[in-house]
Structure formats: structure tokens, C-alpha cells
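Inspection log for the structure reproduced underneath, given as C-alpha cells.
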Amino acid sequence: MVPKYQQVKDDLKERILSEKFENGDRFYTEAELVEMYSVSSITVIRALNELEREGYLVRIQGKGTFISRARKNKLIRFSDVELFPVQDDVVTVLSMTVGDTNKYLHHLGLREDDQYYKIERLRQADNVPYIYQQSYIPQKFIDLTQHTTEDYASIYARFREDFGIHMTEEKFVETNEVAYPTPKRVAKLLGMSENEPTVLQIRKTLSHLNNEVLEYIETYKKWDYFKVKMQSNDL
């Protein structure tokens with residue numbers, strides 16, 4: 001039997017998804033919901049808490065409950081907009097070093113006695129550097145007995161050709177934030193002032209087979225080379 005709070009939650013969720021409410025609208029009060037569903041306040045509070053946890057509602061103490069402005073049910077597609085032909089890009093591998101820093105071992109889901117490779121790369125368009133990347137790869141995915149450092153200018157090509165892993169099809173989590181001031185070394189490599197901002201993209205790619213972390217990457221991109229397109233998935 002479906003618990004009462006779940007029934008209330010499911011019905012409220014359907015009301016939200018039916019476009020009865022707009023993002024940011026005030027939602028029903030607890031008292032109104034108790035009367036609407038003839039249930040206890042405990043049942044109502046649990047249903048509201050679940051909807052808030054899932055991103056449908058925002059509850060503000062002393063003000064009430066509101067429809068979230070970033071509703072998680074709405075599938076949104078984000079994509080980088082390339083401002084120039086990417087086939088003309090030139091990628092240079094600056095360095096490849098073995099590391100065991102706890103911070104990155106943790107990001108990669110590795111043990112304290114494991115190691116990873118840190119690969120630094122610089123990407124240029126029309127001889128202008130615009131992206132600096134630090135990729136952290138579990139050691140098992142790097143084979144310098146078969147490849148040179150330059151072969152890792154395209155890490156995704158190495159994953160595809162050496163392991164049959166298509167990185168663009170794997171699961172990932174990515175965040176984008178403004179980095180200001182830009183770290184000194186990054187600013188120097190990108191030929192810019194520290195007083196200019198960069199966009200810091202942090203991305204973790206995981207295997208769809210076993211959730212193993214394949215890559216953790218920190219990318220600094222010149223602010224004027226960064227543009228993102230966002231649209232709903234139903235377009």
C-alpha cells in the first residue's frame with residue numbers, strides 16, 4: 001500500500017508539472033494542504049520536504065513555500081558554443097607527471113597508495129592560447145611504453161583507441177564558475193592579465209559500466225572565448 005505522504009506528494013508533483021504553477025509562485029500552505037487531503041500536518045510536512053529535496057519547491061521560514069525557479073523535472077540541454085572552427089585548434093602537451101596528492105586521489109576514487117598522471121595541455125586557436133587544462137588520469141589508463149607524451153594531446157583519442165572507451169558517451173558531472181583573479185601561472189600561459197577573469201570548468205567523467213572515475217579535469221578558459229547555449233530538451 002502506498003503511504004499517505006507519498007500519495008500527497010505524487011498528487012502535488014502532478015499539480016506542479018501540469019503547469020498549474022509558474023516558477024517562483026507561492027505554493028499551498030501547510031494548513032491548506034491538511035484541509036485539502038484530510039491528513040495530519042506530519043504527513044503534509046513530509047510530502048513537502050520530499051518535494052523540496054527533489055528540487056520542486058523552496059521553503060523559506062517565515063515566508064512560505066514557493067515553486068522552485070530551477071525545477072529539476074525540466075530537462076535542459078547545455079552545450080558550449082564554439083566561436084571558431086575547432087578543427088583549426090592546436091593542442092600542446094606541456095607536461096605529464098606522476099602524482100599522488102590526496103585531493104586528486106580522492107577525486108579519482110583511488111587508494112592512498114595509488115598514483116595518477118597529471119597532464120597539462122594548452123589549446124590555441126589562430127595562434128592565440130585560450131584554454132589551459134589539467135587532466136588527472138588513473139595510472140592504469142596511461143601507457144608511455146607505447147606512446148609518447150605528444151600522443152596525449154587528445155586524451156579522448158587515447159581512451160578510444162587504447163581501451164575502446166568513448167569518453168563523450170560516458171557519464172559526467174561538470175561545473176562552471178568564474179575564476180577571479182586568474183591564477184598567475186594560468187594567466188601567463190594564456191597571455192592575459194591576472195585581473196581578467198577566466199571560466200573554470202571542473203569535470204569528472206565516470207564509466208557507465210561500473211562508475212569508475214576515468215578522468216578528473218580542471219579547465220581554465222578565457223572569458224571572451226566562453227559561450228554556452230541552453231535549451232529545453234523538448235525543442
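The values are calculated or read from the model by the stated rules, or taken from the named source; none is laboratory data. The structure displayed is predicted, hence computed values, not measured ones. Note that we place each Cβ from the backbone using ideal geometry, even for glycine, and neighbour counts take in every protein chain shown. Note: accessible area is taken over every heavy atom of the protein model, side chains too, but ligands, DNA and RNA are not part of it. Shrake-Rupley method; radii C 1.70, N 1.55, O 1.52, S 1.80 Å.
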Quiz item: Kirkwood hydrodynamic radius for region 29-68: how many Å is it when counted over pairs of different Cα atoms?
Solution: 10.3 Å
Practice problem: Heavy atoms only, probe 1.4 Å: what % of the accessible area of the chain goes to carbon and sulfur, would you let me know? | Solution: 49 percent
Self-check item: Rounded tilt (10° steps) of 4-17 against the dominant C-alpha axis of the chain
Solution: 70 degrees
Practice problem: List every residue whose amide H lies under 5 Å from the amide H of GLU196, counting only residues 5 or more places away in sequence or on a different chain, with H placed 1.01 Å from N in the peptide plane. | Solution: THR182
Quiz item: With the radius of gyration and the Kirkwood radius both derived from the Cα set of the chain, what is their ratio Rg to Rh?
Solution: 1.10
Quiz item: What's the local net charge at ARG158, with K and R +1, D and E -1, over the other residues with C-beta under 10 Å away?
Solution: -3
Quiz item: Kirkwood Rh, region 120-172, all Cα pairs: how many Å?
Solution: 12.5 Å
Quiz item: What is the log10 of I(q)/I(0) for region 105-235, computed with the Debye formula using one identical point scatterer on each Cα and no solvent, at q = 0.13, 0.16, 0.19 Å⁻¹?
Solution: -0.64, -0.93, -1.19
Exercise. Please give the contour-minus-distance gain from TYR156 to ASP88: 0.36 nm per residue of separation, less the Cα-Cα distance, rounded to one decimal in nm.
Key: 22.7 nm
Quiz item: Efficiency by 1/(1 + (r/R0)^6): what FRET value for LYS227 and GLU22, r their Cβ-Cβ distance, R0 = 22 Å, to the nearest 0.05?
Solution: 0.20
Self-check item: Bins of 5 Å, starting at 0 and running to the largest distance - Cα pair percent for region 185-224
Solution: 6, 21, 22, 14, 11, 11, 9, 6, 2
Exercise. Please sort by residue number the trypsin sites (Lys or Arg not before Pro) in region 93-131 whose DSSP state is loop and whose Cβ has at most 10 other Cβ atoms within 10 Å.
Key: ARG111
Quiz item: Heavy-atom accessible area per residue, the chain, 1.4 Å probe: how many Å²?
Solution: 61 Å²
Quiz item: Going down the table (LYS103/LYS184; LYS9/LYS63; LYS118/LYS222; LYS103/LYS204; LYS9/LYS171; LYS118/LYS140), which pairs top 19 Å between alpha carbons?
Solution: LYS103/LYS184; LYS9/LYS63; LYS118/LYS222; LYS9/LYS171
